[in-house]
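Laboratory data are not the source of any read-out in this text; all were calculated from the coordinates shown. Treat the numbers as computed from the prediction; the structure is a model and nothing was measured. When we count neighbours, we look across all protein chains shown, and the Cβ atoms used for this are built from the backbone with ideal geometry, even at glycine.
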Amino acid sequence: METKCLILDGALGTELQKKGLPLGQRPEVFGYENPDLLKQIHESYIESGSDIIYANTFGLNRKKCKNLNYTFEELIRGNIKIAKEASLNRAKVALDIGPIGELMEPFGTLSFEEAYDIFKEIIQIGVQCEVDLIIFETMSDLYEVKAGVLAAKENCDLPIWVTMSFEKNGRTFTGTEVSCMANVLDSLDVDALGINCSLGPEEIVPFIQEIQQWTNKPIIVKPNAGLPDPATNLYSLSSKDFNAQMQVFKDSGIQYLGGCCGTTPEFIKELSKDKTILKKETRKKKYGVCSSSRMCEFNTVRVIGERINPTGKKRFVQALLDHDLNYIMEQAIAQQEAGADILDVNVGYPGIDEAAMMVDVIKAIQSVVDLPIQIDSSNPEAIEAGCRVCNGKPIVNSVNGDNLDEILPIVKKYGASVIGLTLDKSGLPENAMKRFEMAKKIYNKVLEYGIESDNLLIDCLTLTISAQQDQAFETLKAIEMVKNHLHLHCVLGVSNISFGLPQRNQIISSFLTQAMYCGMDFAIINPNSSEIMNSIYAYKAISGQDKNCQNYIERFAQVKNEKLPLSSNMDIESSVLKGLKEECKKATLKALETMDEMDVINHQLIPALDKVGDLYEKNILFLPQLMNAATAACAGFDVIKDRISKKGMNISKGKILLATVEGDIHDIGKNIVRVVLENYGYQVIDLGKDVPVEKVVFTAIEKDIHFIGLSALMTTTVQSMKRTIEALRQSGHPCTIVVGGAVLTEEYALEIGADYYAKDAKQSADIAKKVLG
């Protein structure tokens, strides 16, 4: 069957440049001051076939609009007004919202709630201006996206669209996976989602195919006109080539098509010539829970780590009372290393503010591991607080026959999966049939709230056989009934079966195996127990879930170190690799007992960072882990700096000057480079963004800096980079110049006079070590 797609507009910034936008001036300010020119651009896209145009509001928020002659509210209102005047109801007008421009916690300083408030301000203005829809675009941080989506959902009833920008490796700049993005946004019930910017149509195809597996919602494709040539500021595709490459999306039923960087009204005109698309067949999509960078698909037996829970754990209770987050982070790391797929988080204990503690613990865990979270509480405030700050799609544990109307609205709002306990105020039914009836009640209520059944996990519960021996059979029978008749996922806290008995792991492992064969596919267990985990590996091999027994063979092919060393015994390398600041401090102090300061730096801290960098380059670790390791190493450097300063010494390995070149207002990448370089022991002078050529030269000479790092993200500002390099060379000041940025290539970097090209923060550090030592 055939239907029609809706056509979006193309690039706006480059069209404004054609109209006279000066280098370095904000497009939003130029458009506001030149309404006729901006209106002409909007009109040209509408006349070329755009059904939806994006208002000139992409970079307008209170963080980015300091030191302007106008408030961001004036600029938002003015630019929307121009778009609406151009539209004359011929096209819908979208409020275009871009990234805030700062890194989110825990790797930056921007909190979730501050991000929420910033987006809320923008959205409320847009609603007052009567835009037709809200679009978040060119996003790279799923945590930031979640703040924006919630701000939109809670402050307006307009359609909400989200597009993120992915690199060739299938991840965003901050490490978000395509599948995780699609899963989270589908669960948050946005109206459309997809990809814009970064790549051309051809490169985006596999990512869109991945998105289609995780959602049946309308998909947006707004790619660049191929890849940029920094030498010419031109993109590689003509309008006809672009349209030809976009045909694959029309053939696969993509509803919303447009263009991003390098596309013009001519591109949109070509794209609009035939709006026919094949109607997408609705197919069963994939389900799972995730962090922003790790997907846990519901397609096999999964392990939920049970150790972050005060029940029967005196040391954990003490950690909660002392707010000892380091101990809790160690537990999270140990469980991830032992093979947990999901981490259960329970912080309920008398005298503790459970909601506040839930937030603190989840933030701490997310700073050191990338596993999905299970929020384990019966307190609605704690559940909502945890769902809000969870970076990904969590599981909520738990609802029961009595609290469905309290908990399910929260589950629906935050797009979580949910565990239903087969009990109510009368307690746990003694027989399997009654537990099945309770599961059926929960199932029906979940559907009433519009929560998909694949997001429901049923816990038929088990009691210890030392007290109620017959209950083990009833639990297994109930699991079979739920799996065979309701076709739901089943979860079980398996350890309960063995309380009060000797050799508990024997009982747990045997019962676990029986439960898996009855249909239980989520086991809440202690993953640090090799015996229990071996049962899961064996089951997957026997049942065929482990193809060719590959994981089973790998598990027993070599002895694995499954336990995390205690913090008192952790060395510098381990603490850096795991991103544990306090442990790195302790390890550094211990190392200083037998080594001098520079030896600790050169033979302990730097090699640890090098190892992290090597794993990063191999795509084993990603940007969040790289940043976290650098932050942990910084804690060790601080210990050494403090000791050396008391001796009147200086440990700087050299001075480095960083700047985003004139006309370019993007500096997140440069900021990441700064953090990594500082944690390698260099003194970094950061001039910020949009830095005039003269300021770079003057500062280099005045402060006697001979290592210069320049950044440019936009094709139009690469010429500023070239001028800056020429000015540095003409000044006669001897220096090594390193350049980087999304639009640059190594070949062009050398062509414009740079000494080195660095593709990322790790490579910047490698070059610094080569040049400065």
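Some notes on this structure:
- Taking other Cβ atoms within 10 Å as a rough exposure proxy, 714, 433 sort from fewest to most as 433, 714.
- Of the trypsin sites (Lys or Arg not before Pro) in the stretch 1-83, the ones in a loop by DSSP (not H, G, I, E or B) with at most 11 other beta carbons within 10 Å are 66.
- Filter on 64/762; 313/445; 285/547; 81/670 - keep pairs with C-alpha separation over 32 Å: 313/445; 81/670
- Inverse of mean 1/r across different Cα pairs in the stretch 19-66, Kirkwood, Å: 11.9
- Calculated FRET efficiency, residue 244 to residue 283, Cβ-Cβ distance, R0 = 35 Å: about 0.85 to the nearest 0.05.
- Applied to the stretch 659-670, the Karplus parametrisation 6.51 cos²θ - 1.76 cosθ + 1.60 on θ = phi - 60° returns per-residue 3J(HN,Hα) values of 7, 8, 5, 4, x, 10, 9, 9, 9, 5, x, 5 Hz, with x for Gly and Pro.
- Principal-axis analysis of the Cα atoms of the chain puts helix 112-128 at an angle of about 60° to the longest axis.
- Projected onto its three principal axes, the C-alpha set of the stretch 300-557 covers 47, 41, 37 Å, listed from the longest axis down.
- Equivalent ellipsoid semi-axes - Cα gyration tensor, the stretch 2-278, angstrom: 25, 23, 18
- Cα-Cα over 26 Å, subset of 611/695; 4/84; 286/477; 286/412; 250/284: 611/695; 286/477
- The stretch 616-692: relative contact order as a whole-number percent, Cα under 8 Å and 6+ apart: 35
- Evaluating kT/(6 pi eta Rh) at 25 °C and 0.890 mPa s, with the Kirkwood radius of the chain over Cα pairs in the Stokes-Einstein relation, gives 87 µm² s⁻¹.
- Projecting the alpha carbon convex hull of the stretch 655-772 along each direction and taking the average yields 5.9 nm².
- Rh by Kirkwood over Cα pairs, then Stokes-Einstein D for the stretch 117-188 at 1.306 mPa s and 10 °C, µm²/s: 125
- Taking Cα centre as origin and charging only the Cβ of basic (Lys, Arg, +1) and acidic (Asp, Glu, -1) residues, the dipole magnitude of the stretch 655-772 rounds to 220 debye.
- Charge dipole (Cα centre; +1 on Lys/Arg Cβ, -1 on Asp/Glu Cβ; no other charges) of the chain amounts to roughly 600 debye.
- More than 15 Å apart - percent of Cα-Cα pairs taken over the stretch 463-537: 51
- Cα-based helix-to-principal-axis angle, 623-646 vs the chain, degrees rounded to 10: 80
- By other beta-carbon atoms within 10 Å, ranking 674, 283 with the fewest at the front produces 283, 674.
- Reduced Cα scattering model of the stretch 567-646, Debye log10 I(q)/I(0), q = 0.13, 0.18 Å⁻¹: -0.34, -0.64
- For peptides 700-710, 185-195, 738-748, sequence by mean Cβ density within 10 Å, most packed first: 185-195, 738-748, 700-710
- Residues whose amide H comes within less than 5 Å of that of residue 457, counting only those at least five positions distant or on another chain, are 418, 419, 420 (H built at 1.01 Å from N in the peptide plane).
- Mean separation of Cα contacts under 8 Å (6+ apart) over length of the stretch 473-535, as relative contact order %: 39
- Charge dipole (Cα centre; +1 on Lys/Arg Cβ, -1 on Asp/Glu Cβ; no other charges) of the stretch 329-407 amounts to roughly 240 debye.
- Highest mean packing comes first when the peptides 352-359, 390-397, 447-454, 135-142 are listed by Cβ atoms within 10 Å, giving 390-397, 135-142, 352-359, 447-454.
- Considering helices alone, the calculated mean residue ellipticity of the chain at 222 nm is -14000 deg cm²/dmol, with DSSP H runs of length four and up weighted by -39500 (n - 2.57) and normalised per residue.
- Contact order relative to length of the chain, as percent, for alpha carbon pairs under 8 angstrom and 6 or more apart: 9
- Semi-axis lengths (Å, descending) of the ellipsoid that matches the C-alpha gyration tensor of the stretch 511-639: 38, 16, 13
- Taking Cα atoms only, the orientation of helix 761-772 departs from the longest principal axis of the chain by about 60 degrees.
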